[in-house]
Structure formats: structure tokens, C-alpha cells
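Below is one structure, written out as C-alpha cells; comments come after it.
What follows is calculated from the coordinates using simple rules that are stated; it is not laboratory data. For clarity, every value in this text was computed on a predicted model and none was experimentally measured. So basically every Cβ, Gly included, is an ideal-geometry build from the backbone, and we count neighbours across all protein chains shown.
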Amino acid sequence: MKAPAFRYRRPATLDEAVQLLADAGDDGKVIAGGQSLVPIMNMRLAEPETLVDLTGVDALRTSRETPSGARYGATTTHMRFEYELVPDVTRGLLPYAAAGIGYPAIRNRGTVGGSLAHSDSSAEWPTVMSALDATVHTRSVRGTRAIPVRELLLGFFTTALAPDELITEVEVRRLAASTRWGMYKMCRKPGEFAESLAVVLGERDLGGRGVGERGVGEWDDPNGPWQEIELWLGAATDRPLRLRTTEAAVRGGTSADLEPARLVEPLAEDMGQDLSGLDSTARYALQLHAVTVHRALRAAEGTTG
Ligand SMILES: Cc1cc2nc3c(=O)[nH]c(=O)nc-3n(C[C@H](O)[C@H](O)[C@H](O)COP(=O)(O)OP(=O)(O)OC[C@H]3O[C@@H](n4cnc5c(N)ncnc54)[C@H](O)[C@@H]3O)c2cc1C
């Protein structure tokens with residue numbers, strides 16, 4: 001199937017883009033990489049009368065480092081993150097996440113703003129940007145807003161954006177040198193959306209004390225327990241989920257202390273599931289998420305190899 005007919009506008013400035021979107025009213029939509037919107041239009045699940053193409057607006061393509069981190073223009077493609085053509089303030093997390101999205105052709109067109117506005121919890125950016133506590137900056141004819149990604153994503157394909165509002169930038173804070181990160185995407189084959197997606201950010205206690213090779217004293221213990229930890233899970237519920245109960249189970253230990261099976265119970269609690277009432281499909285999904293979280297933890301500990 002092909003998309004129904006639509007009016008196509010390609011503004012050169014942000015002012016023009018927000019005006020065109022406002023003029024189009026409820027029947028207008030912006031298009032960025034088109035990697036989610038076009039398939040949806042082809043299936044006739046969306047039939048906008050006017051498409052406002054953002055790719056001609058230079059201001060939306062620009063990224064810059066700031067004293068506290070970086071701001072990425074909304075139409076920055078996944079590939080520009082992957083190949084570090086934009087500043088990376090996360091010591092590798094953003095390029096790593098981008099490299100796992102779809103196929104090269106998808107990464108070449110798809111954009112960070114489009115992915116967040118689309119709000120698919122199986123996609124990389126919603127979970128990664130939630131874990132990083134990123135903020136989107138938006139613009140409409142009524143003015144500008146700053147919305148934390150954690151408040152932007154309201155559910156499957158549902159965000160806090162107004163119909164006439166577009167994302168202009170995504171702001172990411174610089175990760176502290178002491179912060180460890182790990183990410184694991186479970187999917188059947190490369191290029192597919194995640195069946196489970198976990199991101200770990202945290203601080204480990206690296207100060208060992210006792211009798212080591214160099215005698216009694218203090219040294220860096222690469223296996224130090226997690227002191228602070230944030231766990232985020234994608235592809236499990238309608239939006240990225242913070243796993244507070246699982247975090248508590250992990251804190252004070254490492255992945256070596258916890259087999260994936262021991263994460264199932266806290267995970268069920270985080271997901272609001274009653275273990276005793278689950279059918280085999282739901283149990284399988286839970287076990288998949290437990291393995292994913294465990295692998296992300298191991299990645300953050302550098303113990304995967
Ligand atoms: C075969 C295939 C495999 C894929 N695999 C993955 C994957 O593994 N992981 C993954 O994360 N994604 C995957 N994707 C999705 C891809 O990353 C999309 O590019 C992305 O989700 C949407 O970005 P886009 O720029 O293409 O947005 P578009 O398709 O242009 O738009 C998507 C939605 O966002 C809105 N929008 C776009 N830009 C803005 C903006 N600046 N402000 C407000 N609203 C905006 C549009 O109106 C539309 O509603 C895949 C897609 C395909 C086709």
C-alpha cells in the first residue's frame with residue numbers, strides 16, 4: 001500500500017516550520033527521517049493532509065557542546081551519533097546505542113527527535129535518554145518549553161507534545177568520569193527492534209581494603225560493589241521503566257552475586273506483575289528481561305569478556 005495524497009512543505013527556517021505546523025492545524029504533521037512515519041502512512045494508520053519536512057531547517061541539524069553537556073539538533077541522525085560526528089558527552093553510550101538501531105539505511109535517515117516524538121518503548125533513544133535524564137527543548141507559535149524526556153514519554157506512541165509543537169533540541173548532561181554505563185539490547189537478529197533493552201548507570205565502590213598482592217592497604221578493586229545504580233528497561237511496558245526494586249537488589253553487590261533468576265522477583269515487582277498469576281509467555285518475557293538487565297550490568301562492570 002502507498003500513502004494517501006498529502007501537501008508537502010519544506011521550510012528553511014524554524015519560524016517558518018512552526019507557523020506552517022500551526023496553520024495546518026490537526027491535519028498537519030512534521031516529518032524528519034520518515035523511517036517511522038512513512039511506513040505508518042503507507043499502512044494508512046496516519047493520514048496527515050500536510051507534511052512539514054524538518055530536514056531543510058539548518059538550526060535543527062546543529063549540535064554543540066555546552067559547559068554542562070551537549071545539545072543535539074532534533075534532526076541529528078542516528079548515524080551522526082554512531083560515527084561521533086556530534087560531540088559525545090557520555091563516554092561512548094550515545095554512539096553505542098545509535099549503532100544498534102535498525103540497519104545503516106535506517107540510521108542514515110532516522111533522527112533522535114523523530115524517535116523520541118514517536119515514543120516506541122522498544123526503540124533505543126527513549127530508554128537511553130530517560131536513563132541519561134535528558135531534556136527536550138520544544139517550539140511552537142506559542143513559545144518554547146523544556147520537557148524532561150521522563151515526562152515527555154506518556155505511553156505507546158503518546159507524548160506530552162502538543163499537535164503544533166516540535167522538538168528542536170535534545171539536551172544531554174555530561175556523564176561524570178566516575179559513572180559507569182552498560183547497555184544490552186536483546187533482539188532476534190541485528191537490525192530488529194528490541195525484545196528487551198536495559199541501560200545501567202551507576203557508581204561503584206572501587207576502594208578495596210585488606211591484604212592484597214602489595215601487602216596490607218588500600219587499592220582499586222575492579223570488582224567493587226555498586227554504590228549508586230539506576231536501571232532502566234525498555235520494550236517491557238508502554239514506556240521506559242525505572243527498576244527501583246531491582247536497583248535495591250543490586251546495590252551493595254555486583255552481577256556476580258546475582259544470577260539472572262534472582263532478578264526475576266524484583267523485576268516482577270517493578271513491572272507490577274504478580275508472579276504467581278503469570279502464564280508461561282509472561283514468565284518467559286520476565287526471564288528475558290532479567291537476562292537483559294544482568295548482561296547490561298556485566299557490560300557496565302566490564303565483565304562481559
Ligand atoms: C526496518 C526498520 C527498523 C527499525 N529499527 C529500529 C531499531 O532497532 N531501533 C530504533 O530505535 N528504531 C528503529 N527504527 C525506527 C527508526 O529509528 C526511526 O527513524 C525513528 O524511530 C523515527 O525517527 P524519524 O526521524 O525517522 O521520524 P519520522 O518517521 O519522520 O517521524 C516519526 C514521528 O515523530 C514525529 N516527529 C519527527 N520529528 C519530530 C520533531 N522534531 N518534533 C516533533 N515531532 C517529530 C513525526 O511527526 C512522527 O509522528 C526502525 C525503523 C525501520 C523502518
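Things to note:
- Put in order of Cβ neighbour count within 10 Å, fewest first, the listed residues Asp270, Asp53 become Asp53, Asp270.
- Difference of contour (0.36 nm per residue) and Cα-Cα distance, Glu65 to Tyr8: 17.2 nm
- Share of Cα-Cα pairs in the stretch 69-173 lying beyond 21 Å, as whole percent: 27 percent
- Kirkwood-type radius of the chain, with distances r between different C-alpha atoms, in Å: 20.6 Å
- Spatial extent of the stretch 7-55: Rg and Dmax, with the Cα atoms as the point set, Å: 10.5, 31
- The peptide list 39-50, 144-155, 274-285, put in order of mean Cβ contacts within 10 Å with the highest first, becomes 144-155, 39-50, 274-285.
- With one equal scatterer per alpha carbon and no solvent term, the Debye-computed log10 I(q)/I(0) for the stretch 180-301 at 0.11, 0.23 1/Å reads -0.40, -1.30.
- Computed extension length for Gln19-Arg244: 76.8 nm, one decimal, from 0.36 nm per residue of separation with the Cα-Cα distance subtracted.
- Residue-averaged [θ]222 nm for the chain, counting only DSSP H segments that reach four residues, each worth -39500 (n - 2.57): -8000 deg cm²/dmol
- Within a straight-line Cα-Cα reach of under 19 Å, Lys29 can be paired with the following lysines, leaving aside sequence neighbours fewer than 8 residues apart in one chain: Lys2.
- Whole-angstrom gap from the stretch 15-48 to the stretch 59-115, using each part's C-alpha centre: 22 Å
- Taking a span of 18 Å or more along the helix axis (Cα atoms) and a mean Kyte-Doolittle hydropathy of at least -1.0 as the rule, the DSSP H helices of the chain that qualify are 280-301.
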